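Asks: I am attaching a structure below and will ask some questions about it afterwards.
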Amino acid sequence: MTDTDFKRQLIAEIPSLRAFAVSVCGSFHLADDLVQETLMKAWANSTKFEMGTSMRAWLFTILRNGYYSLYRKRHREVQDSDGYYAASVSVQGAQESRLDLADLRKALDKLPVEQREVLILVGPSGLSYEEAAEICNVQIGTIKSRVNRGRTKLAQLMGLDSPQELLIPSQILKTDVAAA
């Protein structure tokens with residue numbers, strides 16, 4: 001089949017494709033987009049069309065598959081014209097986080113061992129004050145005191161105004177020392 005014959009048959013099927021597309025998706029605008037996409041795919045794959053087969057069936061199959069692909073894609077998408085959802089799921093670059101983590105490690109290394117130990121136990125390890133007290137074999141008040149002094153010193157070493165500013169990713173340190 002020559003390109004001219006292929007083009008002529010393609011153009012002849014446009015009204016039928018459009019009617020089918022409208023009946024499938026229910027929207028004239030979406031139907032026009034589907035037909036255009038179908039024609040572009042058919043033209044790009046004209047060498048794959050087998051002579052002696054139905055051009056109409058081939059085009060309708062391309063359109064139908066295109067519609068279902070679009071439907072599956074649209075089902076996963078969320079309408080977000082004002083950017084609210086996009087802003088809530090955006091991720092900041094990892095470079096700054098790595099620098100913050102490196103600063104935290106340096107500051108932790110400057111703390112006395114007993115303060116660093118309890119900060120790690122009740123922070124990233126997620127242990128309660130009671131559990132940390134049992135592990136360290138000291139009273140719970142001693143643990144709370146070490147956590148408080150450790151957080152205060154850590155904030156100071158990191159150049160923060162107060163320990164409440166220690167909002168470190170993944171809750172490395174608890175922010176409410178009094179709670180427990």
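Asks: In the stretch 149-167, which residues are of a type in the set (S, T, N, Q), modelled with pLDDT under 75 and open to solvent by 50 Å² or more (accessible area, probe 1.4 Å)?
Replies: Matches in the stretch 149-167: GLN164 only.
Asks: If you scan the stretch 123-147, which residues turn out to be within 19 Å of LYS106 (Cα to Cα) and either part of a helix (DSSP H, G or I) or charged (D, E, K, R) (or both)?
Replies: If the condition is that a residue be within 19 Å of LYS106 (Cα to Cα) and either part of a helix (DSSP H, G or I) or charged (D, E, K, R) (or both), then ARG146, VAL147 are the ones that fit.
Asks: Condition test on VAL113, is it aliphatic (A, V, I, L, M), touching a Phe, Trp or Tyr at 6+ places or on another chain (Cβ under 8 Å), at pLDDT 70 or above and assigned by TED's automatic domain parsing to the domain that holds LEU154?
Replies: Considered against the rule, which asks whether it is aliphatic (A, V, I, L, M), touching a Phe, Trp or Tyr at 6+ places or on another chain (Cβ under 8 Å), at pLDDT 70 or above and assigned by TED's automatic domain parsing to the domain that holds LEU154, VAL113 comes out as no.
The values are calculated or read from the model by the stated rules, or taken from the named source; none is laboratory data. As the structure is a prediction and not an experimental result, all values here were calculated from the model. Backbone-built Cβ (ideal geometry, glycine too); neighbour counts: all protein chains shown. These area figures cover heavy atoms from the full protein model, side chains too; ligands, DNA and RNA do not enter into them. Shrake-Rupley method; radii C 1.70, N 1.55, O 1.52, S 1.80 Å.
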